[in-house]
Amino acid sequence: MQTSQVRSAVRAALSSASALDLRVDDAVVLHNSNRLAVRLLPCDVLARVAHVARESGTEFEVEVARRLAETDSPVAALEPRVEPRVYVRDGFVVTLWTYYEPVSPRDVAPAEYAQALARLHAGMREIDLPAPHFTDRIAQAQWLVGNRAQTPELADAERDLLTNTLRSLRRAIDDRGADEQLLHGEPHLGNLLRTKKGLLFVDLETCCRGPIEFDIAHAPEEVSEHYPAANQDLLRECRILMLAMIATWRWDRDDQLPNGRQLGTEWLSQIRAALDRYGLDAAP
């Protein structure tokens, strides 16, 4: 979120919570990306705020969270003291979540990570909810790569690499015909919290349908060794595909991630190395 919008977004969170009879005397900004995460005190609620014009998946995320709350899924919960829905205030959409006090930080063991992800997948198999297909995300990346006005700093050689990688791996994964289900979409370490209740996944707006390997590809490589149901060949393809997608986002002229271009360059090098290592063909 643009710095100029942060103050207004915080005010929207404060007024939304106050209107719901939650006591709010202070607000602490915890994270700023495409959404603002704000801890409201003393009611101790986590508010997630986005500009209404740039947010389309909030209602979907709330519905996924509401459904998963009825299972044993390791996900962050919506705030139980208010109606589980999206609140619109002053041009912003606001959702209210349980705030989890951080516990002593330590590395997440691969087996622990894999167990949490497997539990999440099991819970997602229990709910019947229409969701975008993971290939919709690939199509978005392909559109960006093909739109020079939107990715003006992407050199021709790198543009060709991303174009061919996205196309060829999408085709290879489709050809495998793997079983598909509801997925988190981006269950990487940045969307995983260590809490007193154990590991919990957050940011459910990226949920989509696809093979479980697409989710596992977002976790550190060691995690897959503890997820026995994963097809290693398919997982390898999904990892490179995922790299191509996130590299593409970094070349979007509207990308606001710090050091985004540097990351994009590093990931392009990793794509080349992975294609060579596994002898995969990303030719047109």
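Couple of notes before you dig in:
- The residues in region 244-263 that are free of Cβ contacts under 8 Å to residues at least 40 places away in the same chain, outside any loop (DSSP other than H, G, I, E, B) and not β-branched (Val, Ile, Thr) can be counted, and the count is 4.
- Residue within region 63-71 that is part of a strand (DSSP E or B) and surrounded by 13 or more Cβ atoms within 10 Å (Cβ to Cβ) present: no
- Filtering VAL103, VAL28, VAL75, VAL93 for residues that are open to solvent by 10 Å² or more (accessible area, probe 1.4 Å), β-branched (Val, Ile, Thr) and over 24 Å from ARG194 (Cβ atoms) leaves a single hit, VAL93.
- Candidates GLY198, GLY185, GLY260, GLY210, filtered to the one that is modelled with pLDDT of 95 or more, among the small types (Gly, Ala, Ser), open to solvent by less than 60 Å² (accessible area, probe 1.4 Å) and closer than 30 Å to LEU30 by Cα: GLY185
- Qualifying residue in region 146-160 (condition: acidic (Asp, Glu), free of Cβ contacts under 8 Å to residues at least 24 places away in the same chain and loosely packed, with under 13 Cβ neighbours inside 10 Å): yes
- Number of residues in region 31-62 that are within 15 Å of THR98 (Cα to Cα), in a loop (DSSP other than H, G, I, E, B) and open to solvent by 40 Å² or more (accessible area, probe 1.4 Å) equals 1.
- One residue stands out among those in region 213-248 that are acidic (Asp, Glu) and farther than 28 Å from ALA77 by Cβ: the one that is least open to solvent (accessible area, probe 1.4 Å), which is GLU237.
- Residue list for region 221-242, filter: within 30 Å of PRO152 (Cα to Cα) and either touching a residue at least 60 places away in the same chain (Cβ under 8 Å) or in a loop (DSSP other than H, G, I, E, B) (or both): GLU237, CYS238, ILE240, LEU241
The values are calculated or read from the model by the stated rules, or taken from the named source; none is laboratory data. Treat the numbers as computed from the prediction; the structure is a model and nothing was measured. Note that we place each Cβ from the backbone using ideal geometry, even for glycine, and neighbour counts take in every protein chain shown. Heavy atoms of the whole protein, side chains included, go into the accessibility calculation; ligands, DNA and RNA do not. Shrake-Rupley method; radii C 1.70, N 1.55, O 1.52, S 1.80 Å.
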